[in-house]
Amino acid sequence: MQWAEVSLSVPREQAEQAEHALELQGALAITFEDHADVPVLEPALGTAPLWPVVQIRGLFEQPADRSAILSGLLASGVIERPEAINWREVADQDWERAWMDRFHPMQFGCHLWIVPTGMQGPDDPAALQLQLDPGLAFGTGTHPTTALCLEWIDGLDFTGLEVLDFGCGSGVLGIAAALKGAASVCCVDNDPQAVLATTDNAARNGVSSVLQCHLPQDWPRGQYNVILANILAGPLIELAPQLIACLEQEAHIVLSGILEHQAAAVAAAYTTRCGPMAQQQREEWVRLHGQS
């Protein structure tokens, strides 16, 4: 089956208007993309800002009445001339399979592996395999910040430890800690979809009995032997007093999602309790590790 895809670019202030106009014309799926490679690296907590210029794609079932769709977009004021949109034909495919084909089992450290659901992991009795569904995940090990944290987790004995994974995304860090023997893992994220992804992935890995996931307002704060926070520099600095207050004596804290030029400012926010922090870098990203 062939699909028709229309694309247009608008200022971010008009993105919602454009989305509504495409929905009115019968678009079955709408995608927002960055028009000019302008990364959004430091959003405020609880926000999801768009790029200055947003490329919007609408997918229509064939046969699509292109003239009617164009007329509707012109009438909505989203575009001012016909040349502002582009059309292309999109072939039908197994979208789930195409998504899954981007992933493969990945090793972190000596024994820890991330294995996409449905794939065969390593034939190694010493391998600790974490099953992860990329369809729900935010953080699959492919980004340097996640990889740096997983490598650190691989090197620590978590037996009997109380762990906090703050900004858990897919739950990959907290689940890895649980598989390594943590007594309890508390995962926190301000995105309900992340809470769902973490809960599902915990069940998939058989660690639901030791892992709980919460929105920040429902988080039962406690004291932890290990705190993992793979977020961004701004939120890490803002959250420093809260996270420091949750550290047990002689606890570990691992911070990531930090660009190289931000590392000193983040470390300074934690030095009162954690002292000098060890720094590990991959590409432009940094992981900090300190002990209380």
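The values are calculated or read from the model by the stated rules, or taken from the named source; none is laboratory data. Owing to the predicted nature of the structure, the values given are computational and were not obtained by experimental measurement. With ideal geometry, Cβ positions are generated from the backbone for all residues, glycine too; neighbour counts draw on all protein chains shown. Note: areas computed on protein heavy atoms with side chains; ligands, DNA, RNA excluded. Shrake-Rupley method; radii C 1.70, N 1.55, O 1.52, S 1.80 Å.
Remarks
- Carbon and sulfur %, accessible surface of region 176-292 computed with the full protein complex present, 1.4 Å: 50 percent
- Looking at the chain alone, DSSP beta bridges between its own residues are antiparallel in about 60 percent of cases.
- Expressed as a whole percent, the proportion of Cα-Cα pairs in region 154-292 lying more than 25 Å apart is 21%.
- Across region 21-27, coupling constants 3J(HN,Hα) worked out from phi with the 6.51/-1.76/1.60 Karplus curve, θ = phi - 60°, read 5, 5, 4, 5, 8, x, 4 Hz, and Gly and Pro carry x.
- In the chain, the alpha-carbon atoms span a convex hull of 146 Å³ per residue.
- For the chain, adding -39500 (n - 2.57) for each run of n ≥ 4 DSSP H residues and dividing by the number of residues yields -8500 deg cm²/dmol at 222 nm.
- Free-standing Cys residues across the chain, given no other cysteine C-beta under 4.7 angstrom: 110, 149, 186, 246, 274
- Positive minus negative residues near residue 161 (Lys, Arg vs Asp, Glu; Cβ under 13 Å): -4
- Normalised by the number of residues in the chain, the average gap of Cα pairs under 8 Å and 6 or more apart makes the relative contact order 13 percent.
- Each of the peptides 115-121, 104-110 was scored by the mean count of other Cβ atoms within 10 Å over its residues; in descending order, highest first, they stand as 104-110, 115-121.
- Placing +1 on the Cβ of every Lys and Arg and -1 on the Cβ of every Asp and Glu, with no other charges, gives the chain a dipole of roughly 480 debye about its Cα centre.
- Computing FRET efficiency as 1/(1 + (r/R0)^6) for residue 209 and residue 59, where r is the C-beta to C-beta distance and R0 is 30 Å, gives about 0.10.
- For the chain: accessible area per residue (Å², 1.4 Å): 49 Å²
- When peptides 241-247, 225-231 are ranked by their average number of other Cβ atoms within 10 Å per residue, the highest-first order is 225-231, 241-247.
- Karplus 3J(HN,Hα) series, Hz, for region 169-180 with 6.51 cos²θ - 1.76 cosθ + 1.60 (x for Gly, Pro): x, 6, x, 4, 6, x, 5, 4, 4, 5, 5, 8
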